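J.: Starting off with a structure, shown below.
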Amino acid sequence: MDINNSVALVTGANRGLGRAFAQRLLERGARKVYATTRRPETVDLPGVEVLALDVTDPASVRAAAQAAPDVTLLVNNAGIQTATDLVTGSLDNVRRELETNVFGGLATIREFAPALAANGGGAVVNILSAMSWFGVNGANSYHLTKAAAWAMTNGVRLELAEQGTLVTAVHLGLADTDMSAGWSVSKIAPSDLADAALNGVEAGSAEVLADQWSRDIKSRLTLAPEEFNAAMDHALATLA
């Protein structure tokens, strides 16, 4: 798929990674970029078409799909992190993260799949995380949702293959956004993450490991759980 002359829709495009995706899509020649968010008045990027979209509201997702029937590239970026543990944390927070990070992305794929098929197949990009593969106390709800989103991505990739739709999973450690502002460690620039993802789409890649952190963690998945956890404890300690 060629990003040049594509018609893209980005969820959560008012700031952070979503805004960077919308900007790089424009700079790389996308014919049209739909920038979507729950609060459209917060989108400040010239050149985009702004749409209201709450990925947790089925009616809102359906309305966005009807308003953007020409989409050839769907970027599922919208997500939340509530810093919640699974056993002692708020179950309402766990459900909110699941609704946004898993079911929200699935809802957009389900609604936009017919348009992608009608427009030649196109592509879906799901922004995941290195935390698809590991938990950490204080954010295990986020780990749960990203692991589930990874599985969802693998499943819809199989289901959309017949209509010629590429589904690309993008994993990263930390990006330099508001969500990671409290971490004084190496972070990937949002524009670099967007470029890595879009390069992956143009190459037809099913998976993009956008930084060294995600590549290192993926390489450890063959370890026994005890070895993997020990390796992760050491890696996280070096970040503290």
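The values are calculated or read from the model by the stated rules, or taken from the named source; none is laboratory data. Please read these numbers as outputs of a predicted model, since none were measured by experiment. Glycine gets a Cβ as well: all are built from the backbone with ideal geometry, and neighbour counts include every protein chain shown. Surface accessibility is based on the protein's heavy atoms, side chains included, excluding ligands, DNA and RNA. Shrake-Rupley method; radii C 1.70, N 1.55, O 1.52, S 1.80 Å.
J.: Give just the number: which of (1) in a helix (DSSP H, G or I); (2) modelled with pLDDT of 95 or more; (3) in contact with a strand residue (DSSP E or B) (Cβ under 6 Å, 6 or more places away or on another chain) does GLU159 not satisfy?
T.: GLU159 satisfies all of (1) in a helix (DSSP H, G or I); (2) modelled with pLDDT of 95 or more; (3) in contact with a strand residue (DSSP E or B) (Cβ under 6 Å, 6 or more places away or on another chain) except (3).
J.: Do we have any residue at all in the range 147-156 that's β-branched (Val, Ile, Thr), in contact with a helix residue (DSSP H, G or I) (Cβ under 7 Å, 6 or more places away or on another chain) and more than 19 Å from LEU86 (Cα to Cα)?
T.: yes
J.: Here's a follow-up. If I filter the range 201-213 down to residues being under 14 Å from the mean Cα position of the chain (by Cα) and under 19 Å from LEU174 (Cβ atoms), which single residue comes out as most open to solvent (accessible area, probe 1.4 Å)?
T.: GLU207
J.: List, please: which pairs have Cβ atoms under 6 Å, are six or more places apart or on different chains, and start with a residue in the range 54-74 that is over 18 Å from ALA30 (Cα atoms) and end with one that is open to solvent by 20 Å² or more (accessible area, probe 1.4 Å) and in a loop (DSSP other than H, G, I, E, B)?
T.: ASP54/ARG38; VAL55/ALA78; SER60/ASP54
J.: It is to be established whether one or more residues within the range 94-106 are on the phi > 0 side of the Ramachandran plot and surrounded by fewer than 23 Cβ atoms within 10 Å (Cβ to Cβ).
T.: Of the residues in the range 94-106, the ones on the phi > 0 side of the Ramachandran plot are none.
No.
J.: Show the residue pairs meeting these rules: Cβ distance below 8 Å; 6+ apart or different chains; first residue within the range 216-240 and more than 11 Å from PHE134 (Cα to Cα); second residue open to solvent by less than 90 Å² (accessible area, probe 1.4 Å) and among the small types (Gly, Ala, Ser).
T.: Short answer, once both residue conditions are applied: ASP216/ALA235; LEU223/ALA231.
J.: Also: Among the residues of the range 13-26, count how many are under 18 Å from THR168 (Cα atoms) and either part of a loop (DSSP other than H, G, I, E, B) or in contact with a strand residue (DSSP E or B) (Cβ under 7 Å, 6 or more places away or on another chain) (or both).
T.: Counting residues in the range 13-26 that are under 18 Å from THR168 (Cα atoms) and either part of a loop (DSSP other than H, G, I, E, B) or in contact with a strand residue (DSSP E or B) (Cβ under 7 Å, 6 or more places away or on another chain) (or both) gives 5.
J.: Could you grab me the full set of residues in the range 33-55 that are outside any strand (DSSP E or B), under 26 Å from HIS171 (Cα atoms) and open to solvent by less than 60 Å² (accessible area, probe 1.4 Å)?
T.: If the condition is that a residue be outside any strand (DSSP E or B), under 26 Å from HIS171 (Cα atoms) and open to solvent by less than 60 Å² (accessible area, probe 1.4 Å), then VAL43, LEU45, VAL48, LEU53, ASP54, VAL55 are the ones that fit.
J.: Additional query: Working only within the range 59-108, note down all residues that are in a strand (DSSP E or B) and hydrophobic (A, V, I, L, M, F, W, C).
T.: Matches in the range 59-108: LEU73, LEU74, VAL75.
J.: Taking the range 56-79 as the region of interest, how many residues are touching a Leu at 6+ places or on another chain (Cβ under 9 Å), closer than 14 Å to ALA115 by Cβ and open to solvent by 30 Å² or more (accessible area, probe 1.4 Å)?
T.: Counting residues in the range 56-79 that are touching a Leu at 6+ places or on another chain (Cβ under 9 Å), closer than 14 Å to ALA115 by Cβ and open to solvent by 30 Å² or more (accessible area, probe 1.4 Å) gives 2.
J.: Looking at (1) of a type in the set (S, T, N, Q); (2) in contact with a Leu (Cβ under 8 Å, 6 or more places away or on another chain); (3) assigned to a helix (DSSP H, G or I), which one does ASN154 not meet, given that it meets all the others?
T.: Single failed check for ASN154: (2).
J.: Just to be sure I understand, how many residues within the range 9-32 are open to solvent by less than 10 Å² (accessible area, probe 1.4 Å) and in contact with a Gly (Cβ under 7 Å, 6 or more places away or on another chain)? If you could, list the steps in order and put the result at the bottom.
T.: Just the residues of the range 9-32 that are open to solvent by less than 10 Å² (accessible area, probe 1.4 Å), to begin with: 9-11, 13, 18, 21-22, 25.
Restricting the remaining residues to those that are in contact with a Gly (Cβ under 7 Å, 6 or more places away or on another chain) gives 10-11, 18.
The total comes to 3.
J.: Please work out which residue is farthest from the chain's Cα centre (by Cα), limiting yourself to the range 112-139 and to residues that are surrounded by fewer than 19 Cβ atoms within 10 Å (Cβ to Cβ) and part of a helix (DSSP H, G or I).
T.: ALA118
J.: Looking only at the range 85-93, decide whether some residue is under 19 Å from the mean Cα position of the chain (by Cα), modelled with pLDDT of 95 or more and open to solvent by less than 50 Å² (accessible area, probe 1.4 Å).
T.: No.
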